[in-house]
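For reference, the structure discussed in these notes is given below.
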Amino acid sequence: MADIPTFESTVPAPYVSYAGVPMESGRPDSPLTLRDVSSVTKSIVRAGPETKACHRLSTPFGAARTEDGVLIIGQRPDEWVLTGHGSAIRALTESLDRSGHISIIDGTHNSAIFRLTGAGAASVLEKLCSLDWRDLMTPDGAAVSGSVAHVTCDIVRNDQDITPSYLISCDRSYGQYLFAVILDAGHEFGISPLDMLA
Amino acid sequence: MTRLPPRPGEIIGRTRSVDFSWNGRRVSGFEGDTIASALTAAGVRVVSRSMKYRRPRGYMTNDYWDPNALVQVGDEPNVRSAHRLIEPGMAVEAQNVWPSLERDLRAVTGPASRFLTPGFYYKTFMRPRWLWPTYEKVLATFSPGGRIDLDTPHRYHDKRYIHPDVVVAGGGPAGMAAAIAGAEAGARVLLVEHFHRLGGHLLWGDDSDRALAGELVAEVADAGVEVLTDSTVTGRYEDNWIAIAQRNHPVAVERLIKARAKVLVVAPGLIERPYVFAGNDKPGVMLSGAVRRFVNLYGVRPGAAAVVFTANPEGDAAAADLERAEADVTVLDARRGENIVRALGRGKSIKAVEVADGRRLECDLLVTATGWTAPTSLLNMSGDRPVYDEVATRFFPSAPIGNVLVAGGLAGDGTHEQLIEHARTTGRLAAARARSVAYSLQAATARAKAVSGSQPGWPTDTRRSLPRHPHPPLFRSATHGLVDFSEDVSSKDMLGAADEGYDSVELLKRYTTATMGPSQGKLETVNTVAVLAEALGRTIGEVGTTVWRPPYAPITMGGLGGPMYEPVRVSSIQPWHEANGAVFMLAGQWIRPDHYGDPSGEVLNTRRNVGIMDVTPLGKFDLRGPDVPKLLNHLYINKWMKLPVGSVRYGIMCTEEGVVLDDGVTARLGDHHYMMTTTSSGTASVWEWAENWLQTEFPDWQVHITPVTSGFTSINVAGPESRTLVRRLTMDVNLDPAAFKYMQVRTGTVAGVPDCFMWRIGFTGELSFEIHVPAGYGLHVWEALLEAGEDLRVRPFGVEGQRIMRLEKGHFIVGQDTDGLTKLPALGMAHLLKLDKHDFVGKPELLWALADTSAPVLVGIQPTDPSIVPDEAGQIVRPGTDEIIGRITSSRMSPTLGRSICLGQVLPEASKAGSELTVLMTDGRRITARVMAHHAHFDPEGERVRG
């Protein structure tokens, strides 16, 4: 019997933009990068406003915050997405009071998540999505949902130190398409794809 | 050669010449030249033919709006040659001329112009109707557009969505001043200029004008204003949604920018108005601005002997420019009562001008400066209705709404200082109002940065109005000439139309097509209104103006469409499919393997050995909560309250009309945990359907629905050896037939991947296991199955193989074997219907449907000739007649049975087993077929699937 296999990226290398332009894997210190981070553990928590779990997560709809290595995203009313290392997610979900109507679902395989990082990241998003990406309206910690190149996505502003960075999440099946489209939109800004972190 | 020595404000680079071709002839210009300036410098006077009468035309306004300037550049038609810059190797041609620009034989319509009155087409080509195809062909040759090459490769068009505080439309002195002041007041400002550079009319002005332009441009840069040149605000929509066409993007042919501006400042300047007189469209008749741009921006003298008919300082300045360019200039001053009657001359250029006092002045250039049109387009789109000022002889805004402000010539006249001060005040007001809007937006958006302080009030407009300078009311001379140069509509045509009763300017416009050509009223609107006012004996104010609609400047279809992003979905096994010869099909947005080269072989292998199929697109929903059975009971026609844990049940959903909506199986994985599947195509609609019921009718039910279609890679393992194969890779699940029965579900580890669930169902009619693997490991399990089953002859099969096998088995597909009228009883599935349930979606209608004996029903059908496969959707008719009694819904050649098989819907009278049917083929043949006893053509008892 085989060991548990390696999580497969939604975006197999070599990388090609939507327009068919081959793109070399870049370096992490490139000024504008796109990386598949889909292998991160994700849990979807659904709990009504009257539940203790809701109060415990204490992250309002439209916002995201980090607690003990877990990014808690208030993705929709009464719905949170927790991302991070599996053990940290488990610790948090196991600490949640299960009283009331509450569901916790492993969403690790359900969605693709890409991290778009760099000073020009908002300019790339401006080409694909009609939301307002200025600091005032989508500061670090903002969580939004919208159409990115005609695909429904959840986007979290999650800056890396002081560098603007966005986690863009979509249904896993759209991942390959969306990655190529973001590369296409970022081409004029010098975007570099990065290999998925194991 | 009319290229002048270097001018102080010219914008061409004389050190770099650029060669291009004009109608196949080599022409040289300089970097920065437009096609128009380069051609004029090369002595070209005629560049196009008019639409209707094919009259020779030269440059008239020498800017983007020039009605005579449309040319073909390579494969691109309708290029505005007075705006487009020359590029090396560019192939420029006159468009829609036959056989040549110099001799257009269709100019024979010119002498017949007196008969080609407005409405001529409507009145003449109505009869006889049978001649219309011929008329159409001939009329199409007069179409003014250029040549479209259908093989032109698609080029990249871009889109951008932005949310500036202030958009300023117009980069002249007022627009720049407003942008600077707005940015200095803290607003994020986007300044959009139609021309290739900022400056507006200052660019072709005198030294002090250019110095002022330079100062303002520097201030714009210092203030951090984002500038778009060669770009046009093409429309203003609800809530200041601003459309901008950007034509000079570095990587895109064109970019459509969708800006949600908090405040729009409209500062487009004024557009010079032509004068109506006989011969006003002849080559050599130009507006004063055209001449000034030729001379001062491009160093081109457009004529050697000029008559300048002027009523304003711009005309005076044009005369001075020509004198400095060493042209012979005669000035006729309208302010002194002088007037022109007609331009004389044929062919390439005018020869003389006839003056109202009887003089005849020899010339090759006639310049008119008779007034301005206020481009109120964006104000119209904001709901404003401009009003006419009899003194200034142009339209002004009436009462623009609060988040649309006006600056520059559109607001009034005055010195540069007055206009710039007014514009700066406008910019500050725009920034203040934008702050108020921004506060509201920020305060209302939870994710935004928290607001500080109290809501800023809505700043009142305390700007001092600009003066309005008087201007002579010059619209038409004593003779008739063209009003609309794009459409060849004359003042005489318009008076005739008014005589016919077209006394509304909106109706007159549509009847004569005045203002409806490529210049879209920029040049001809005021003259149109003036001529109608003259005809009706009313004032221009009483007649009113037409409404300008978007787009202000044309945008290409490519620009509107933007980048051709078409989402597609793939499963985690896609790389394997691509590497192993799959032939793909598009199913909705899913890219799926249709087959791997031999669908019949794939069927036979699955029937004899074992096959595996990627069925990931199958809709999957994780249902949790104590009230899930209630929801299932409500949505499906059968019962769900007692489904045991570990079991799977098939269900059909109907709409409230009893029409079949979807079908699928649902498994109970735990006390309050279910997994529902839907058809691949019905996934989204079923989710919406279920959520709609939950949220609107049963909000108290405790159910969470989470779509997990892509979260699991779904693999169907089917065939007699499927159990053997699955057993080789599965831990902790007893696969014995007695322990894991048909229509049961188990959770376990497959190929080392935990948390897989599998169920025993069989769409193919074979013993089969549907394994659902966490998607990040889907490819691994797929490859493991192929490796482990090599000795069992495991092979993949695609959608086509599955379609064949399900048809052999007689399984219907919702949407293919059903349609928007198919109710449950028609499928022969009425036995699933549990009418003793309290209520469920569609129950009342299904009670009616059960009693209906007239609706078509689904039956199995086999053609008499087993080699003939009827077409899907082929009509079934009553034998010996053309009366349609049904249709084939699915048909294939069955490799298992060696014959053709079908499903079809027929009227009940023809649905009995053994009934003979007649099926129409698309080639006209009629074939006979027989209704079968079962939907299933193969293994109707279902022994294999339960194996």
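The values are calculated or read from the model by the stated rules, or taken from the named source; none is laboratory data. These figures come from a predicted structure and were not determined experimentally. Here the Cβ positions follow ideal geometry from the backbone for every residue, glycine too, while neighbour counts run over all protein chains shown. Note: areas computed on protein heavy atoms with side chains; ligands, DNA, RNA excluded. Shrake-Rupley method; radii C 1.70, N 1.55, O 1.52, S 1.80 Å.
Restricting attention to segment B:364-420, which residues are open to solvent by 10 Å² or more (accessible area, probe 1.4 Å), part of a loop (DSSP other than H, G, I, E, B) and hydrophobic (A, V, I, L, M, F, W, C)?
Those that are open to solvent by 10 Å² or more (accessible area, probe 1.4 Å), part of a loop (DSSP other than H, G, I, E, B) and hydrophobic (A, V, I, L, M, F, W, C): B:VAL391, B:ALA399, B:ILE401, B:ALA411.
So, in segment B:542-580, how many residues would count as being among the aliphatic types (A, V, I, L, M), within 19 Å of B:THR515 (Cβ to Cβ) and open to solvent by less than 20 Å² (accessible area, probe 1.4 Å)?
Looking only at that region, the number is 1.
Here are B:VAL773, B:VAL733, B:VAL781: which of them is part of a loop (DSSP other than H, G, I, E, B), open to solvent by less than 30 Å² (accessible area, probe 1.4 Å) and within 14 Å of chain A (Cβ to nearest Cβ)?
Checking each option against the conditions leaves just B:VAL733.
Determine whether B:GLY146 is over 26 Å from the mean Cα position of the chain (by Cα), open to solvent by less than 50 Å² (accessible area, probe 1.4 Å) and of a type outside the set (A, V, I, L, M, F, W, C).
The answer is no for B:GLY146.
In the list B:LEU847, B:LEU821, which residue meets the criterion of being in a loop (DSSP other than H, G, I, E, B) and not small (Gly, Ala, Ser)?
Of B:LEU847, B:LEU821, the one residue that is in a loop (DSSP other than H, G, I, E, B) and not small (Gly, Ala, Ser) is B:LEU821.
Can you run down the residue pairs with Cβ atoms below 9 Å, 6 or more apart or on separate chains, where the first is in segment B:129-152 and in contact (Cβ under 8 Å) with a residue 24 or more places away in the chain and the partner is open to solvent by 80 Å² or more (accessible area, probe 1.4 Å) and not in a helix (DSSP H, G or I)?
B:THR141/B:TRP98
Any residue in segment B:741-757 that is under 22 Å from B:ASN580 (Cα atoms), open to solvent by 10 Å² or more (accessible area, probe 1.4 Å) and either away from chain A (no Cβ under 14 Å) or at pLDDT below 95 (or both)?
No, that holds for no residue.
Which one is farthest from B:GLU254 (Cα to Cα), of the residues in segment B:548-573 that are hydrophobic (A, V, I, L, M, F, W, C) and facing chain A (nearest Cβ under 7 Å)?
B:VAL570
Go through segment B:483-516 and give me each residue that's closer than 21 Å to B:ARG394 by Cβ and in contact with a Phe, Trp or Tyr (Cβ under 8 Å, 6 or more places away or on another chain).
Correct list: B:LEU508 only.
Give me the residue from segment B:892-909 that is open to solvent by less than 10 Å² (accessible area, probe 1.4 Å) and of a type in the set (Gly, Ala, Ser) and, out of that set, nearest to the chain's Cα centre (by Cα).
By that ranking, first place goes to B:GLY904.
Okay, residues lined up against (1) within 24 Å of B:PRO375 (Cβ to Cβ); (2) open to solvent by less than 20 Å² (accessible area, probe 1.4 Å):
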{"site": "B:ARG49", "(1), (2)": "no, no"}
{"site": "B:TYR53", "(1), (2)": "no, yes"}
{"site": "B:PRO56", "(1), (2)": "no, no"}
{"site": "B:ASN62", "(1), (2)": "yes, yes"}
{"site": "B:PRO67", "(1), (2)": "yes, no"}
{"site": "B:GLN72", "(1), (2)": "no, yes"}
{"site": "B:ILE86", "(1), (2)": "no, yes"}
{"site": "B:MET90", "(1), (2)": "no, yes"}
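Mind listing whichever residues of segment B:193-215 are among the hydrophobic types (A, V, I, L, M, F, W, C), part of a helix (DSSP H, G or I) and open to solvent by 20 Å² or more (accessible area, probe 1.4 Å)?
B:LEU203, B:TRP204, B:ALA211, B:LEU212
Looking only at strands (runs of 3 or more DSSP E) that lie completely in segment B:608-702, which have at least 2 residues being of a type outside the set (A, V, I, L, M) and in contact with a Gly (Cβ under 8 Å, 6 or more places away or on another chain)?
B:619-624, B:648-654, B:660-670, B:673-678
Within segment A:22-60, which residues are in a loop (DSSP other than H, G, I, E, B) and open to solvent by less than 50 Å² (accessible area, probe 1.4 Å)?
Hits for segment A:22-60 are A:GLY26, A:SER30, A:VAL37, A:SER38, A:SER39, A:VAL40, A:GLY48, A:THR51, A:THR59.
Yes/no per residue for (1) within 14 Å of another protein chain (Cβ to nearest Cβ); (2) on the phi > 0 side of the Ramachandran plot; (3) in contact (Cβ under 8 Å) with a residue 12 or more places away in the chain; (4) touching a Leu at 6+ places or on another chain (Cβ under 8 Å):
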residue: B:ALA438; (1), (2), (3), (4): yes, no, yes, yes
residue: B:GLN442; (1), (2), (3), (4): yes, no, no, yes
residue: B:ARG463; (1), (2), (3), (4): no, no, yes, yes
residue: B:PRO472; (1), (2), (3), (4): no, no, yes, no
residue: B:ASP488; (1), (2), (3), (4): no, yes, yes, yes
residue: B:ALA497; (1), (2), (3), (4): no, no, yes, yes
residue: B:SER504; (1), (2), (3), (4): no, no, no, no
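What number of residues within segment A:130-178 are open to solvent by less than 20 Å² (accessible area, probe 1.4 Å) and over 25 Å from A:THR66 (Cα atoms)?
The number of residues fulfilling the criteria is 5.
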